[in-house]
């Protein structure tokens, strides 16, 4: 059942993004940024946490969860360390993803030739 | 003359079928969600770790696969076909980074890869961090009242 929910949730946001992309003149870069900001906004009152409970991996794979983790980390840092935590906590939860992307991209760019 | 030229252009320009594109994005995005959920379930069982750690492992796996397929050359075609179905999941982020790194590798380690890796995906990190800071401050102020 969770798989069906994951399918519907992730698919719905991708379809929404595709419709925005086709109907407006925005580039894929704009769309991704809009969705990250939307995800960051949805975490403010813990709405996105409910999505994660409902759809599991379907809510964790879209880029929305990147924004959600940024705000989540910042608020978590604020609750534990005060105002300084806003700065130190922001990248806490997303650090693994960013580091992994940097490390894999770097080494694979060394190994592989670009295919046209 | 001008009218007929525009007729020809509109006749020959490829038609973007919004409905079919949306269906393709829905299915491919949904499949990505299912893969994510499957990996989370799998990692919790195989490695006996908590859901939170399994989530991180799942994201790293997807990023790794996306980087690998991009450098092998066939992920670009997949992205062109599925469009937002692969751009909105975390694979799009890794793909943007990997293709920037590959594109500029000729120009050297520092001036090529180092300076250009975040060319496309930097916007995501910058706007994500800035907006999350703003929203956190708003949440903080609301909490204080």
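The values are calculated or read from the model by the stated rules, or taken from the named source; none is laboratory data. Because the structure is predicted, anything quoted here is derived from the model rather than measured. Quick reminder, even Gly has a Cβ in these numbers, built from the backbone with ideal geometry, and neighbours come from all protein chains shown.
Considering only residues that are within 9 Å of chain A (Cβ to nearest Cβ) and in contact (Cβ under 8 Å) with a residue 12 or more places away in the chain, look in the range B:107-117 and name the one that is nearest to the chain's Cα centre (by Cα).
B:117
Could you tell me whether any residue of the range A:101-114 is more than 7 Å from chain B (Cβ to nearest Cβ), at pLDDT below 95, touching a helix residue (DSSP H, G or I) at 6+ places or on another chain (Cβ under 6 Å) and crowded, with 16+ Cβ neighbours inside 10 Å?
Looking for residues that are more than 7 Å from chain B (Cβ to nearest Cβ), at pLDDT below 95, touching a helix residue (DSSP H, G or I) at 6+ places or on another chain (Cβ under 6 Å) and crowded, with 16+ Cβ neighbours inside 10 Å, one finds none in the range A:101-114, hence no.
Counting only residues that are more than 8 Å from chain B (Cβ to nearest Cβ) and under 13 Å from the mean Cα position of the chain (by Cα), how many does the range A:74-93 have?
Summing the residues that are more than 8 Å from chain B (Cβ to nearest Cβ) and under 13 Å from the mean Cα position of the chain (by Cα) in the range A:74-93 gives 1.
Here is a list: A:52, A:37, A:61. Which entry is without any contact (Cβ under 8 Å) to a residue 24 or more places away in the chain and either buried (at least 16 other Cβ atoms within 10 Å of the Cβ) or under 18 Å from residue B:132 (Cα atoms) (or both)? Break it down stepwise before answering.
On the way: A:37 fails: without any contact (Cβ under 8 Å) to a residue 24 or more places away in the chain; A:61 fails: without any contact (Cβ under 8 Å) to a residue 24 or more places away in the chain.
After applying the criteria, what remains is A:52.
Rundown of residues vs (1) facing chain A (nearest Cβ under 9 Å); (2) within 19 Å of the chain's Cα centre (by Cα), yes/no style:
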residue: B:97; (1), (2): yes, yes
residue: B:105; (1), (2): yes, no
residue: B:119; (1), (2): no, yes
residue: B:140; (1), (2): yes, no
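Which one of the conditions (1) surrounded by fewer than 20 Cβ atoms within 10 Å (Cβ to Cβ); (2) within 7 Å of another protein chain (Cβ to nearest Cβ); (3) under 23 Å from residue B:32 (Cα atoms) does residue B:71 fail to meet, given that it meets all the rest?
Condition (1) is where residue B:71 drops out.
Within the range B:90-101, can one find any residue that is touching a residue at least 24 places away in the same chain (Cβ under 8 Å) and either in contact with a strand residue (DSSP E or B) (Cβ under 8 Å, 6 or more places away or on another chain) or surrounded by fewer than 24 Cβ atoms within 10 Å (Cβ to Cβ) (or both)?
Yes.
Would you be able to say whether some residue in the range B:9-24 is more than 7 Å from chain A (Cβ to nearest Cβ) and in contact (Cβ under 8 Å) with a residue 24 or more places away in the chain? Outline the logic, then answer.
Let us first name the residues in the range B:9-24 that are more than 7 Å from chain A (Cβ to nearest Cβ), namely B:9-15, B:17, B:19-20, B:23-24.
Then keep just the ones that are in contact (Cβ under 8 Å) with a residue 24 or more places away in the chain; that gives B:24.
Yes - at least one qualifying residue is present in the range B:9-24.
Among the residues that make up the range B:36-43, is at least one of them touching a strand residue (DSSP E or B) at 6+ places or on another chain (Cβ under 9 Å) and surrounded by 14 or more Cβ atoms within 10 Å (Cβ to Cβ)? Before the answer, list the steps.
Start the filter on the range B:36-43 by keeping residues that are touching a strand residue (DSSP E or B) at 6+ places or on another chain (Cβ under 9 Å), which leaves B:36.
When the remaining residues are screened for being surrounded by 14 or more Cβ atoms within 10 Å (Cβ to Cβ), the result is B:36.
There is at least one residue in the range B:36-43 that is touching a strand residue (DSSP E or B) at 6+ places or on another chain (Cβ under 9 Å) and surrounded by 14 or more Cβ atoms within 10 Å (Cβ to Cβ).
Is it the case, given these coordinates, that residue B:129 is facing another protein chain (nearest Cβ under 9 Å), under 30 Å from residue A:45 (Cβ atoms) and surrounded by 14 or more Cβ atoms within 10 Å (Cβ to Cβ)?
Details: facing another protein chain (nearest Cβ under 9 Å): yes; under 30 Å from residue A:45 (Cβ atoms): yes; surrounded by 14 or more Cβ atoms within 10 Å (Cβ to Cβ): yes.
The answer is yes for residue B:129.
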